[in-house]
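A.B. asks: One structure coming up, written as structure tokens, with questions to follow.
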Amino acid sequence: MDCEMCYTKNGLELTRITLVGEDGSTIYDEFVKPESPITDYNTRYSGITEKHLENVTRTYQQARDQVLELVSKDTILVGHSLENDLTSLHLIHRKIIDTAISYSDLAVPESVNIYKKSLRTLSFQYLNRAIQEGSNGHDSVEDALAALDLVKLKFVKGPLFGRQDKGSGGAIMGESVIELINKNDKNFSLVDRSNALTKITAGAASTISGRNDKELVDRAIKEIRSEYNDVTWLHLYDLNDCYENKSENLDQALSDINDSVKQVYDALPKNCMCVIMGGCGNLYAVENMINNGEDNDKIDNFVHKISTGFVLCGIK
């Protein structure tokens, strides 16, 4: 199930409701005329325009009654953040599967203000399907199908699929690189700026700080050459700083990054794996947005943007 709402003089009101069956077929998809005059069609998110509703006569009560003819107390409702849909219909339903919950972190205290991944993010990440693209807003049929397919995928993969957790034995989802390396009796060094190192739970890893990329590279090479170290993590900043400060010295920053990577690569022993990652943004900024009570759509757009990156991997 998925519902779309528009703003009226009385706040958000239901303007479209969609139900799809287990087989993905659409069994109900109707526009609804709100009881109060619309003040904002909320098209960016609802996908509803004035043209969609110009000849609609179906009232909220009629739509609700029609839904209740299709949904019994034994029906399992599937959706994303279903509390919003059920609130718009003034319904309480006991049997639901909510992808905002089933794909959220495990064992998170109720007192913690967590960020629930959006349906768009989950669809792209687990279904490899882009939804809610462009400026035309959401499509409730598309959204309902995405939620349904995410639940079907969960049935195939198991209840822990798509969830962050920490447990015992093996590399599982949510286990950090540091924990995995330590568990295999290997030594790990983190080379980063001091303010970044304070945010990392290093465990048994060694932490080495530097004030700039030159210092960081020099200290990373020293760790690479140490007989007591197996894995070295190096974080470089010049290119990121160039973008954040909107500097015109992009060519110089790219040249400096190339020089830094070459120095590190040249220092690697034979048969050593080199992994270069880039493009991913600062996840601590997401945490700050959540703690500051930023709008979920704004957070979602930011998360979607910083989730794009690249990985280059090779053996010397």
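The values are calculated or read from the model by the stated rules, or taken from the named source; none is laboratory data. Note that the structure is a prediction, hence the values are computed from the model and not measured. Heads up, the Cβs are rebuilt from the backbone with ideal geometry, glycines too, and the neighbour counts pull from every protein chain shown.
A.B. asks: Kindly indicate whether His138 is touching a helix residue (DSSP H, G or I) at 6+ places or on another chain (Cβ under 7 Å), in a loop (DSSP other than H, G, I, E, B), at pLDDT 90 or above and surrounded by 15 or more Cβ atoms within 10 Å (Cβ to Cβ).
C.D. replies: For His138, the condition - touching a helix residue (DSSP H, G or I) at 6+ places or on another chain (Cβ under 7 Å), in a loop (DSSP other than H, G, I, E, B), at pLDDT 90 or above and surrounded by 15 or more Cβ atoms within 10 Å (Cβ to Cβ) - is not met.
A.B. asks: If you don't mind, another one. Would you call Arg16 under 24 Å from Leu148 (Cα atoms) and at pLDDT below 90?
C.D. replies: Values: under 24 Å from Leu148 (Cα atoms): yes; at pLDDT below 90: no.
The answer is no for Arg16.
A.B. asks: For residues that are within 17 Å of Leu119 (Cβ to Cβ) and in contact (Cβ under 8 Å) with a residue 24 or more places away in the chain, tally how many sit in segment 285-304.
C.D. replies: 6
A.B. asks: Ile92 is checked against (1) part of a loop (DSSP other than H, G, I, E, B); (2) over 23 Å from Cys6 (Cα atoms); (3) more than 24 Å from the chain's Cα centre (by Cα) and fails just one. What number does that condition carry?
C.D. replies: (2)
A.B. asks: Using the structure shown, decide if Thr49 is closer than 20 Å to Asp139 by Cβ and within 33 Å of the chain's Cα centre (by Cα).
C.D. replies: In short, yes.
A.B. asks: Which ones in segment 44-63 are surrounded by fewer than 17 Cβ atoms within 10 Å (Cβ to Cβ) and not in a loop (DSSP other than H, G, I, E, B)? Step through it out loud before you land on a result.
C.D. replies: Step one: of segment 44-63, the residues surrounded by fewer than 17 Cβ atoms within 10 Å (Cβ to Cβ) are 44-45, 49-51, 54-59, 61-62.
The answer is Arg44, Tyr45, Glu50, Lys51, Thr59, Gln61, Gln62.
A.B. asks: Could you check, for segment 193-208, whether at least one of its residues is small (Gly, Ala, Ser), modelled with pLDDT of 80 or more, part of a loop (DSSP other than H, G, I, E, B) and surrounded by 12 or more Cβ atoms within 10 Å (Cβ to Cβ)?
C.D. replies: no
A.B. asks: Give segment 72-89 a look and list any residue that's within 30 Å of Gln125 (Cα to Cα), more than 25 Å from the chain's Cα centre (by Cα) and outside any helix (DSSP H, G or I), or say none.
C.D. replies: Residues satisfying the conditions are Thr75, Ile76.
A.B. asks: Same structure again: Report, by residue number, each residue of segment 81-90 that is closer than 17 Å to Pro34 by Cα and surrounded by fewer than 16 Cβ atoms within 10 Å (Cβ to Cβ).
C.D. replies: Asn84, Thr87, His90 - these are the residues of segment 81-90 that are closer than 17 Å to Pro34 by Cα and surrounded by fewer than 16 Cβ atoms within 10 Å (Cβ to Cβ).
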